[in-house]
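The structure under discussion appears below in the form of structure tokens.
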Amino acid sequence: MAYDVILESVSPGFHGPVVAALLTARIPSRTKWTEVAGFRNATTVGLGLDPAKAERLATSAPVVVAKGVTVEDAEHIKAYLEAGHYPEKKEWPRPEPGQTCCVVGVRASG
């Protein structure tokens, strides 16, 4: 069965970490394998968003961010988005224990 991941809402003040998470989220089951000189390398496929599209998605919730993924991938993406991503932006607020950066839902595709 396939599932969709829906960004329901973004918590106040956490817009930046959510955009960064959208840009860096990966879908584990869609790993691409390549072999070079007898060595296998893995590249995990992301959501394929550019910064402008990630910005649009984060500001137009509720919106579908991933379609037709496995339940394991949907739960992985949900947890990643809810935690937010903090590359080098020390001024971005961090969620308190039990708090999330956004509300993400998972529903069956169809």
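The values are calculated or read from the model by the stated rules, or taken from the named source; none is laboratory data. Computed from a prediction, not measured in an experiment: that's the story for all the values here. Note: ideal-geometry Cβ built from the backbone for every residue, glycine included; neighbour counts use all protein chains shown. Areas reflect the complete protein model, heavy atoms only, side chains present, ligands, DNA and RNA absent. Shrake-Rupley method; radii C 1.70, N 1.55, O 1.52, S 1.80 Å.
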Check: Hey, residue 32 hits all of (1) modelled with pLDDT under 90; (2) open to solvent by less than 60 Å² (accessible area, probe 1.4 Å); (3) in contact with a Ser or Thr (Cβ under 8 Å, 6 or more places away or on another chain) but one; which does it fall short on?
Finding: (2)
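Each row is one residue, and each column tells you yes or no for (1) in contact with a Phe, Trp or Tyr (Cβ under 9 Å, 6 or more places away or on another chain); (2) without any contact (Cβ under 8 Å) to a residue 12 or more places away in the chain; (3) not small (Gly, Ala, Ser).
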residue: 45; (1), (2), (3): no, no, yes
residue: 49; (1), (2), (3): no, no, yes
residue: 64; (1), (2), (3): no, no, yes
residue: 69; (1), (2), (3): yes, no, yes
residue: 72; (1), (2), (3): no, no, yes
residue: 84; (1), (2), (3): yes, no, no
Margin query: Quick check on segment 89-110. Is at least one of its residues under 16 Å from residue 25 (Cα atoms), of a type in the set (A, V, I, L, M) and touching a Leu at 6+ places or on another chain (Cβ under 7 Å)?
Written below: yes
Margin query: So residue 4 ticks every box in (1) touching a helix residue (DSSP H, G or I) at 6+ places or on another chain (Cβ under 7 Å); (2) farther than 18 Å from residue 95 by Cβ but one. Which box is left unticked?
Written below: (1)
Note to self: Restricting to segment 93-110, and then to whatever is open to solvent by 40 Å² or more (accessible area, probe 1.4 Å) and of a type in the set (A, V, I, L, M), can you tell me which residue is nearest to residue 16 (Cα to Cα)?
What the structure shows: 103
Item checked: Residue that is nearest to residue 104 (Cα to Cα) [pool: residues in segment 63-92 that are acidic (Asp, Glu) and either within 9 Å of the chain's Cα centre (by Cα) or surrounded by 15 or more Cβ atoms within 10 Å (Cβ to Cβ) (or both)] -> 82
Notebook entry, point to check: Counting only residues that are open to solvent by less than 10 Å² (accessible area, probe 1.4 Å) and farther than 16 Å from residue 52 by Cα, how many does segment 15-29 have?
Noted result: 1
